[in-house]
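Quick notes on the structure that follows.
Where a number appears in this text, it was derived from the coordinates with a stated rule and is not lab data. What you are looking at is a predicted structure, and each value in this text was computed from that prediction instead of being measured. Please note: Cβ atoms are built from the backbone with ideal geometry, for glycine as well, and neighbour counts cover all protein chains shown.
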Amino acid sequence: MPTLWFCLVALMLAVYTVLDGFDLGAGIVHLVAARTEAERKQVLRSIGPLWDGNEVWLIAAGGTLYFAFPKLYAASFSGFYLPLMIVLWLLMFRGIAIEFRNHIDNPVWKPLWDAIFAGASALLAVFFGAALGNVVRGVPLDASGYFFEPLWTDFGPGPETGILDFYTILTGLTAFFVLGVHGALWVVLKTGGDLRARALRLALRGWWGVLFLTIGVSFATFQVQPIVSSAFESRRWLWLFPVLSAAGLVAMRSFAKRGLEKAAFLSSSLFIGGLLASAAAGLYPQLLPSHLDPAHSLTIENSGAPVYGLKVGLAWWIPGMILVTSYFVFVYRRASGKVSPEGEG
């Protein structure tokens, strides 16, 4: 049961990253791809019916994490208190920017909220990437099961780590480029004309940044976290996930250049899913490694809820996910197709 819940939490986080990732990416490219007021409205309308629903997966994953692995929830939410508060404020500002933008027709009002929307989206991508980097690298967990990290120390890989160091900054930049390209491909899929053409150019140019940063962060991961390298050495079948991710990365560019919009976006989703699956599989059965003493690490065994509770929770989780999935299928079918300029269709 702990292994099953590990996979379910990882799956929910991957779904959140793919779905909310494209509207975060749309925010990242918002001020660059869209040049006119009409084009900016098109970008916002492409995510308008979906963005708040996508964030439900983050809430659901957090709730599931609290239920299935309460010790991990307690340790991570206390140790990462400062960045979590920053993420919370960024999520609020981003939502406010989307909803408030069109309330007043003023030459200062709309550009202000556009800048907040783009800036909050970019910072969220960086912070989410840095958070994943902290989990993979490990934190200074002690015998009490808790830890504290300053925002930064000397940016080095030594024992006195901060939330931001060379590795977590690298993972943050990687997330920024990955989600930026993902969002650009979404804009390509949902719009037309000059806006689509500019978004496509951004996606193709950003692809090179994704390629080099992914290679760099992969090599750095094997150097920073020996657990991952030993896992891939002992369980050779785990290489399936990086292979799927690499296939998605190559297919993404190939399909985008040929104008196959949906295939390019789905390839980007495969790439992101493969990356996250590789990270989760490399850490398993670790949930939050300790770089002070491996004996203090949180694993699926020492931080999980009782097996009986996990079984009962599964009986409720399955119908809940069926309802959520049905709702998302309905919403995405309703929002399918190109977003027309305002006033047309």
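Some observations on this one:
- Residues 217, 32, 307 arranged by fewest to most Cβ contacts within 10 Å: 307, 32, 217
- Ranked by how many other Cβ atoms sit within 10 Å of their own Cβ, fewest first, the residues 261, 99 fall in the order 99, 261.
- Ranked 81, 308, 284, criterion: other C-beta atoms within 10 Å, fewest first: 308, 81, 284
- Cα shape, the stretch 127-281, gyration tensor, a/c 1.5 rule: prolate
- Between the helical axis of 307-334 and the longest alpha-carbon principal axis of the chain there is an angle of about 10 degrees.
- Shape class of the stretch 137-193 from the Cα gyration tensor (axes a ≥ b ≥ c, square roots of the eigenvalues): prolate, since a/c reaches 1.5 or more and a/b is larger than b/c.
- Relative contact order for the chain, counting Cα pairs under 8 Å that sit 6 or more residues apart, in percent: 25 percent
- Using only the C-alpha atoms, the convex hull of the stretch 29-70 corresponds to 69 Å³ per residue.
- Alpha-carbon Rg with Dmax, taken over the chain, Å: 20.3, 63
- Rounded to 10°, Cα long-axis angle of helix 81-100 versus longest principal axis of the chain: 20 degrees
- Positive dipole terminus of the chain, leading residue within 24, 80, 225 (C-beta point charges): 24
- Residues in the stretch 289-311 reached by a label modelled at residue 154 [backbone nitrogen below 20 Å; 7 Å Cα→Cβ]: 291-293
- Helix content alone sets the calculated 222 nm mean residue ellipticity of the chain: runs of n ≥ 4 DSSP H residues at -39500 (n - 2.57) each, divided across all residues, give -25000 deg cm²/dmol.
- Under the criterion of Cα pairs below 8 Å and six or more residues apart, the relative contact order for the stretch 1-80 equals 41 percent.
- Dipole magnitude of the stretch 2-307, debye to nearest 20 (Cβ charges: Lys/Arg +1, Asp/Glu -1, about Cα centre): 1240 debye
- Highest-MSF residue in the chain out of 241, 117, 176 [GNM, Cα springs under 10 Å]: 241
- Applied to the stretch 70-75, the Karplus parametrisation 6.51 cos²θ - 1.76 cosθ + 1.60 on θ = phi - 60° returns per-residue 3J(HN,Hα) values of x, 5, 5, 4, 5, 5 Hz, with x for Gly and Pro.
- Taking all Cα-Cα distances within the stretch 218-345, those exceeding 26 Å account for 50%.
- Between residue 331 and residue 84, the modelled labels are 2.4 nm apart [label points 7 Å from Cα along Cα→Cβ].
- Selection from 213, 69, 166, by position along the positive dipole direction of the chain (Cβ): 213
- For the stretch 162-231, the Cα gyration tensor yields ellipsoid semi-axes of 31, 11, 9 Å (square root of five times each eigenvalue, largest first, whole Å).
- Proximal lysine pairs, the chain, alpha carbons under 27 Å, eight or more residues apart or interchain: 13
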